[in-house]
1. Rounded, prolate or oblate for the stretch 242-309? Axes are the square roots of the Cα gyration tensor eigenvalues, ordered a ≥ b ≥ c, and the cut-off for rounded is a/c under 1.5.
2. Along the stretch 382-395, what does the Karplus equation 6.51 cos²θ - 1.76 cosθ + 1.60 (θ = phi - 60°) give for ³J(HN,Hα), rounded to whole Hz, x for Gly and Pro?
3. Given A393, C374, I362, which one lies farthest toward the positive end of the charge dipole of the stretch 346-408, if we put +1 on the Cβ of every Lys and Arg and -1 on the Cβ of every Asp and Glu?
4. If I model a spin label at S592 and A540 as a point 7 Å from the Cα along the Cα→Cβ vector, what separation in nanometres do I get?
5. What's the angle, to the nearest 10 degrees (0 to 90), between helix 477-492's Cα axis and the longest principal axis of the chain?
6. Once you place label points 7 Å from the Cα toward the Cβ at E210 and E25, how far apart are they in nm?
7. Might you tell me the accessible area per residue for the chain, computed with a 1.4 Å probe and given in Å²?
8. When the accessible area of the stretch 283-326 is computed with all protein chains present and a 1.4 Å probe, what percentage of it is carbon and sulfur?
Amino acid sequence: MCGIIAYAGHRPAVPLVLEGLRRLEYRGYDSSGVCFEQGGDLCVIRASGKLQELEDKLSGMQIFLATTGMGHTRWATHGAPTESNAHPHRSFRGGLCLVHNGIIENYQECKNELLRKGVSFQSETDTEVLVNCVEDECGPGLSNLEAFARALSKAQGAYAVAMMARDEPGTIYAARQSAPLLLGIGTGENFVASDIPAFLSYTRDVVFLEDGEIVRMTASSWEVFSLEDLRPVSKNIQRIEWDMQAAQKGGYKHFMLKEIFEQPRALADCMAGRLDSRRMEANVPELMDAEPPERLRIVACGTSYHAGLWAMPLLEEWAGIPCTVEIASEFRYRKPLLSRDEAVLVISQSGETADTIAALRIARAGGARVLALCNVLGSSIAREADLVLYTQAGPEISVASTKALSTQMMALTLMALHWGRVRGSVNEDTRHKAVSALLALPDQLQSLLPGLQSEARSLAQRYAHAKGMFFLGRGQSYPLALEGALKVKELAYIHAEGYASGEMKHGPIALIEPDFPSFFLAPHDALFAKTKSNLEEVCARSGPVIVLTNPQRQGMELRDGTQWILPEAWGPLAGFFLLPALQLFSYEAASSLGKDVDQPRNLAKSVTVE
Ligand code: F6R
């Protein structure tokens, strides 16, 4: 996830672009850059690190003459967050510059073809490949618009791009496919950006672009075309009434809510290039050259630890790899016996959690191969691991982890399928069912989320004043019960315990009374009957229950409680629906209690102390 802004108008473009990038910094902040017209050429200035680094670089420069320019703030996906990987990227012959948000899935094939034609590359990015694909299409009799459209129609994946051409001063090209991009329409000036706040100080008139649309814009004109055949598309201008703060959150009240609703996109990004829908198999390029381990030890903290617990049965059943899961702060102070055939997989959204880093170093010192599952590119854990897999969730701003967990679950599912295929331990029927269910997930979740939120709101209003609550589940629902309890604790400050349902009778059931609700995760799986017995034990002691279950189980006898019916997902994938329901319940509970949802008390996004 990156931020794009492009401008054609009458004001100095570079300061305006920098101001826009500031407002988009939440979308990515590991490097940035600008491109502007100067002396008949395109001038590109880039810097790694925060936007301030770029501003410092530009401060002594003559930047006030250009009235057309574009900028980018990066959330790295291909290549480390260095200056050479920062955008804009210039084409080999120098005539074009391009900024890009998203992932070009077939970039390697395109790059190989360009290499054969003698193009050389300065960066590791898919963006530099794309700008060269456009240049490759340029030729006599073909306009820049046509070359741009030809190159984009060959690109697979998700993108939002903006482009400037040396031979067409004052003009910006842009296009989108499954990544946000919109036009801001001013008087004698026009804008293209990933999000409204980037230009909201200058205009409130917006044109929302659709997938497969291309834009050509100057200071005094803007046109939208269909990518397929360059037919003009007529668009409506809409007036935005939001204030700046609301706009930065994309209209959502909190970053947490926005990030919960971003999960369908994040899951699709995580799968991109790793699931082969023709062969119906997982093919994780990062794992291609690595032997599957004989044993796997997963080490992580907090929500990331829950991802490991959730994936353990898949890694064992599908990949046939014995697996254990440990809390990093415990692992680091034991003297674990590690063997050479064992790999340690550390999971961390931030890649900077102190205990997880320490665990990684202990594992390495003990001779184990270290794999990492991270979200933040170039983070300490990503740098120190022998092999890293990125979750591709995009920046997570809210302190409470949401889309980071669902993408960790997705990446671990893909790992289990990949290794299962390599080891021949997952049968074809399971593989087929898993892949088709995974491919369908983003769309299913997209349509499910609004309904989940309204159900979560009414349940939260009923139960948010409880003095405490249980979250209970079996099998893969158990780690999600732990996660549900963690979320309610950290956001709503309600004391909540997550338990394996079967453990209730061993002590915790003593807490059950009429004002102590239990939240049962009871999807329609092989363990449903067992969970239901535990549910009845709670009901028999006058404990109110909330049962998160599937349509087959509708109409269960409940003395005091509510059934929350979710559509059934295929087998082990039920968690991808249960999890957002739990996230929304905690979000709504915290909101209804007036808590600071995005920055809960005493917490930090990245726990860099032990
Ligand atoms: C809870 C939460 C934390 C983190 C934990 C590990 O919502 O966000 O429990 O999961 O601090 O952080 P990472 O994954 O960055 O190592």
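The values are calculated or read from the model by the stated rules, or taken from the named source; none is laboratory data. These numbers were taken from a predicted model, which means no experiment stands behind them. Note that we place each Cβ from the backbone using ideal geometry, even for glycine, and neighbour counts take in every protein chain shown. These accessible areas exclude ligands, DNA and RNA; they are computed on the full protein's heavy atoms, side chains included. Shrake-Rupley method; radii C 1.70, N 1.55, O 1.52, S 1.80 Å.
1. The shape class here is oblate.
2. Computed from phi, the couplings for the stretch 382-395 are 4, 6, 8, 6, 6, 8, 10, 10, 9, 7, 6, 7, x, x Hz.
3. I362
4. 3.0
5. Taking Cα atoms only, the helix is inclined about 70 degrees.
6. A separation of 3.7 nm, rounded to one decimal place.
7. 38
8. 49
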